[in-house]
Structures are given as structure tokens and as C-alpha cells.
1. Does residue 49 qualify as being at pLDDT 95 or above and more than 15 Å from the ligand (Cβ to nearest atom)?
2. Name the pairs: first residue in the stretch 198-210 and closer than 25 Å to residue 115 by Cα and at pLDDT below 95, second residue within 9 Å of the ligand (Cβ to nearest atom) and in a helix (DSSP H, G or I), Cβ to Cβ under 6 Å, at least 6 apart or on different chains?
3. Restricting to the stretch 63-87, name every residue that is near the ligand (Cβ under 10 Å from one of its atoms) and either surrounded by 19 or more Cβ atoms within 10 Å (Cβ to Cβ) or within 17 Å of the chain's Cα centre (by Cα) (or both).
4. Scan the stretch 92-104 residue by residue and report those that are part of a loop (DSSP other than H, G, I, E, B) and touching a helix residue (DSSP H, G or I) at 6+ places or on another chain (Cβ under 9 Å).
5. Would you point out which residue out of 28, 57 is surrounded by fewer than 17 Cβ atoms within 10 Å (Cβ to Cβ) and closer than 22 Å to residue 138 by Cβ?
6. Kindly list the number of the only condition in (1) in contact with a helix residue (DSSP H, G or I) (Cβ under 6 Å, 6 or more places away or on another chain); (2) not in a helix (DSSP H, G or I) that fails for residue 121.
Ligand SMILES: NC(=O)c1ccc[n+]([C@@H]2O[C@H](COP(=O)([O-])OP(=O)(O)OC[C@H]3O[C@@H](n4cnc5c(N)ncnc54)[C@H](OP(=O)(O)O)[C@@H]3O)[C@@H](O)[C@H]2O)c1
């Protein structure tokens, strides 16, 4: 039996990178997928093709996850196609980098709107649907699973990215508080905090040899991660294998959070 057989997952920002990796891994485990994108319809179609190759079913819905009406429409479309929603991965996120002194209030607000407020909006819609439907024992022990995409920068300060690091630190407490509040309804809420994963968001770093070498110094396990690494962790967090895991942030980072600067006596 596949781990997510007959379950339906909405994965925001699955037209690219980590979201695409999660969509493919969840489809391999039998989940129906709502592929969400903002600007890259082509990327969403690529994800759909990959899902087809592993025998999965999917729909594509464009929605800006910082806009409640668009998110609500995405849930409606998914419920229409597959009957309900069992898993929501709030993965959509952006970087708008600048030093603190150069950062505009617009760069601050618009990033918080997508990276943090979007988590609130998606989790709200998810909780409403999970509560409406309740537990279906043949599919899962939980009434629903919410997985928020955070980052190692929820605990590692990151100069030049204060809006991003603050948004991810916000997710850490959002997940704990929401998990505490929704636990009694058998809704599980957890987060994944990736380290450096090869995607569009950071391609200028891993494509350039010198920057790649510098990055590897920050990773004790000595490799840059792939979207598939996060996809497999997301499958585990969405499946009953992790049924007793609630309110946790799991670091999938090759050891980036282990203070690698101290590995040789500091
Ligand atoms: N890559 C890393 O090293 C890393 C590390 C830690 C955490 N993360 C987190 O992982 C998540 C995915 O990042 P990624 O590395 O896969 O980056 P990516 O390849 O740039 O993908 C970002 C995805 O988010 C979507 N998106 C952006 N704004 C959106 C919005 N307002 N509404 C809906 N979708 C939106 C994009 O859609 P379109 O392309 O269609 O516009 C795209 O599918 C982010 O939350 C990021 O912070 C990444």
C-alpha cells in the first residue's frame, strides 16, 4: 500500500524547485495533486508531466497565496476535482534581498505577505475543510495535515535577508501555536526547514564554482540538497508514519544548523 493512497494534496508553489519535488514524491505515493503556480504556467505543466510519468493524477490552479479569495478558489477547484483535501503543503515563498539600510518597506511588506501571511491564509482554508470532513480512517489517522515550508533561517540569522529570515522565524511559532490549537481536532501541523537546496531561488550560488565551494563549507554533509530530499521528508510528515509528530520543525539541511564553523575547534 502506498503511503498517501487516495489522499489529495495541495502544494503551493509547485511549478518549480522544492514544491515540484514534493508534488512528484507525493504522487509516487498515491496522492492526487493540486499543482499551484503564480507566474510559471509552463513550470506547472512540467510538474504535471512528471506526475503523469509516475501514474499520478493532478490539476493545475493559478493562485496568489497571499490573496484569500484566490486561495479559497484553489480549494474549491481541488474539492471539485478530487472530493476533498487531506494534505496542504504551504511551500510558496520568495526572497527580496537587500541590506537592512537599503531595504524598502515594500520589500519588507510584500515578502511578509507571501511568506508568512500566505501561511495563515492557506492553513485557515485547510483547517476549514479538514473540520468539515473529519477523519476518514481508510485514508489516514488524522483529519488532515498541514506542512509549512520554513528554512534554516528560522533560527540562523541572515544578514542582507532580514525580511526572509523574519518571515521564516514567524513560521516557527505559527506552527507550534497552530498545532497546539488544532491538535484536539486531530489536525497535524508541522514544518520543514530546508538548508541549501538546488532551485531557481539560489541558482546564482550553486551555478558559480567559487560560491558553490563557499556554500559547501557551511554544510557538514558536503553536498547541496535536491528538491527530492525535501519531497521525501514531506511524504513522511504527511503520512501516518509520523502520526505522533505535532508542532515540530524538521531540519533537512545536511547539518547546516550544526554551527559548522566550530567543527575544527572553532
Ligand atoms: N531552495 C532553498 O535552498 C530553500 C531553502 C530553504 C527554504 N526554501 C523555501 O522553499 C520554498 C520553495 O522555494 P524554492 O527554492 O523551490 O524556490 P523557487 O524554485 O523559486 O520556487 C518558488 C515557488 O513559489 C511560487 N510562488 C512565489 N510566490 C507565490 C505566490 N504569491 N503565490 C503562489 N505561488 C508563489 C513560485 O511560483 P511561479 O514560479 O509560478 O511564480 C514557485 O513555484 C520557499 O518557501 C523557500 O523559502 C528554499
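The values are calculated or read from the model by the stated rules, or taken from the named source; none is laboratory data. Everything quoted here is computed from the prediction, not taken from an experiment. Note that each Cβ is placed from the backbone with ideal geometry, even for glycine, and that neighbours are counted across all protein chains shown.
1. yes
2. 200/17
3. Those that are near the ligand (Cβ under 10 Å from one of its atoms) and either surrounded by 19 or more Cβ atoms within 10 Å (Cβ to Cβ) or within 17 Å of the chain's Cα centre (by Cα) (or both): 63, 64, 65, 66, 71, 74.
4. 92, 93, 94, 95, 96, 97, 98, 99, 103
5. 57
6. (2) is the only condition that residue 121 fails.
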